[in-house]
Amino acid sequence: MINLKGNWIIYLITIGVFVVLISEVAETSTTPKKELPRSANSDEWSAPSLFRDHLLEGDERKKVIYGEELIANTAKYLGPKGTIAQITNGMNCQNCHLDAGKKRWGNNYGGVSANYPKFRDRSGSIETVYKRVSDCMERSLNGKTLDSSTYEMQSMMAYIKWVGRDVEKNTTPKGVGIMPPEYLDRAASPTNGNTIYTAKCQSCHGSNGEGLMAADGMSFTYPPLWGANSYNIGAGLFRLSRLAGYVRDNMPLNQASHKSPALSDEESWDVAAFINSQPRPKKDLSHDWPNISKKPIDHPFGPYTDGFSEEQHKYGPFKPIIAARKK
């Protein structure tokens, strides 16, 4: 009798433990966990995943998904044959912001939300994310912007915010944005760059930089790098350090990375010089850089306060400009 009672006690304890374990498993499986950025290089930023993000629900999730679609296929909705509006040049936002702004070192959106609003010397004012996107549409897409109240603009805002959701305010993690290559001791050479372009870039972007139009006739499979359908002179990539860094870490597409570039620093500067020596759409820049002393060393339009020429500000060498400004 004593043994039987002992067995029942053990049985009840076992049942109790089992119930507790089942409850904990159920709670774990139903409670959404916030996904943290993951990267093969633990010190570099990595974009979140929609598939793993169980906290993003309802209308906000719909806007983020639509926002990514707009970034990836901008021309389909806003290009010359766009279904929503006809206000851009046929390029897609992700032609400059790779993988819809999620690729490390691919001019991604990881640090945008964390660092805006902020004061920018180019406009001489405090800018919002909306202003930043509007600038891209007017400069890189050589077009017009959307009203901030439209569902399209709100969706792009939601997506950009989501991409950088895990980045602490006022920080810029490694892997975000564009890193310029090492500065050369000479000016970048458009002539050398022409040779590199022919060997490494022409097969995708065309012998005249015209790009490759997609089969639907609405967008480009490979974007134009100069000419009427490319970015205008006010775009960020018209600064040589920006384009050279972008090329070094990402081009040729799917053949290069930040860790294993396909082009050397020297080749990247030269091919960027060639691309930006070619004709492209103009833009009124008279209101840019109200404090001209704040112009970047590679802003290619004067006047300047440092005594160096437009030619040197466009192609370099940049080290003497840096040294003079330090003094």
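The values are calculated or read from the model by the stated rules, or taken from the named source; none is laboratory data. Just so it is clear, the structure is predicted and the values come from calculations on it, not from any experiment. Backbone-built Cβ (ideal geometry, glycine too); neighbour counts: all protein chains shown.
So that you can scan it fast, the table gives a plain yes or no per residue for (1) over 22 Å from the mean Cα position of the chain (by Cα); (2) over 29 Å from ASP121 (Cα atoms); (3) polar (S, T, N, Q):
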| residue | (1), (2), (3) |
| --- | --- |
| TYR197 | yes, yes, no |
| ALA215 | yes, yes, no |
| THR221 | no, yes, yes |
| TRP226 | no, no, no |
| ASN229 | no, no, yes |
| GLY234 | no, no, no |
| ALA262 | no, yes, no |
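Restricting attention to the range 268-291 and to residues that are outside any loop (DSSP other than H, G, I, E, B) and in contact with a Leu (Cβ under 8 Å, 6 or more places away or on another chain), the residue that is nearest to LEU141 (Cα to Cα) turns out to be ILE275. For TYR231, the stated conditions do not hold, so it cannot be described as assigned to a helix (DSSP H, G or I) and in contact with a Leu (Cβ under 7 Å, 6 or more places away or on another chain).
Residues in the range 293-327 that are surrounded by 15 or more Cβ atoms within 10 Å (Cβ to Cβ) and over 18 Å from LEU240 (Cβ atoms): none.
Would you mind finding the one in PRO279, PRO252, PRO303, PRO290 that is over 20 Å from GLY211 (Cβ atoms) and either in contact (Cβ under 8 Å) with a residue 12 or more places away in the chain or under 24 Å from the mean Cα position of the chain (by Cα) (or both)?
None of the others qualify; the one that does is PRO290.
All conditions in (1) surrounded by fewer than 19 Cβ atoms within 10 Å (Cβ to Cβ); (2) within 15 Å of the chain's Cα centre (by Cα) hold for SER140, with the sole exception of (1).
Within the range 264-274, can one find any residue that is farther than 17 Å from SER189 by Cβ and touching a helix residue (DSSP H, G or I) at 6+ places or on another chain (Cβ under 9 Å)? Within the range 264-274 (the criterion being farther than 17 Å from SER189 by Cβ and touching a helix residue (DSSP H, G or I) at 6+ places or on another chain (Cβ under 9 Å)), the answer is no, since none of the residues qualifies.
Per-residue answers, yes or no, for (1) assigned to a loop (DSSP other than H, G, I, E, B); (2) at pLDDT 95 or above; (3) more than 26 Å from THR74 (Cβ to Cβ):
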| residue | (1), (2), (3) |
| --- | --- |
| ALA188 | yes, yes, yes |
| ASN192 | no, yes, yes |
| ILE196 | no, yes, yes |
| GLY217 | yes, no, no |
| LEU243 | no, yes, no |
| ALA256 | yes, yes, no |
| LEU263 | yes, yes, yes |
| GLU266 | no, yes, yes |
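Note on the range 79-131: among residues that are over 19 Å from the mean Cα position of the chain (by Cα) and of a type in the set (A, V, I, L, M), the one that is surrounded by the most Cβ atoms within 10 Å (Cβ to Cβ) is ILE87. Selection of the range 102-113 for residues being of a type in the set (A, V, I, L, M, F, W, C) and either assigned to a strand (DSSP E or B) or farther than 17 Å from VAL64 by Cα (or both) yields only TRP105. Being touching a residue at least 60 places away in the same chain (Cβ under 8 Å) and crowded, with 17+ Cβ neighbours inside 10 Å is the requirement here; does SER257 meet it? No; evaluated as a whole, the condition is false for this residue.
Looking only at the range 220-267, residues that are acidic (Asp, Glu) and closer than 25 Å to ARG132 by Cα come to 1 in all. Failed condition for TRP289, given (1) surrounded by 15 or more Cβ atoms within 10 Å (Cβ to Cβ); (2) under 20 Å from ASP121 (Cβ atoms); (3) in contact with a helix residue (DSSP H, G or I) (Cβ under 8 Å, 6 or more places away or on another chain), with all others met? The failed condition is (3). A Cβ distance below 6 Å, combined with a sequence gap of six or more or placement on separate chains, defines the contacts here; from the range 49-73, residues that are over 19 Å from ILE87 (Cα atoms) and modelled with pLDDT of 95 or more reach residues that are assigned to a helix (DSSP H, G or I) and of a type in the set (Ser, Thr, Tyr) in the pairs LYS63/SER155; VAL64/TYR159.
Taken over the range 128-159, the criterion of being under 17 Å from LYS63 (Cβ atoms), assigned to a helix (DSSP H, G or I) and among the small types (Gly, Ala, Ser) is satisfied by SER155, ALA158.
When THR191, THR172 are checked against the criterion of being surrounded by fewer than 19 Cβ atoms within 10 Å (Cβ to Cβ), among the β-branched types (Val, Ile, Thr) and within 19 Å of ARG248 (Cα to Cα), a single residue qualifies: THR191.
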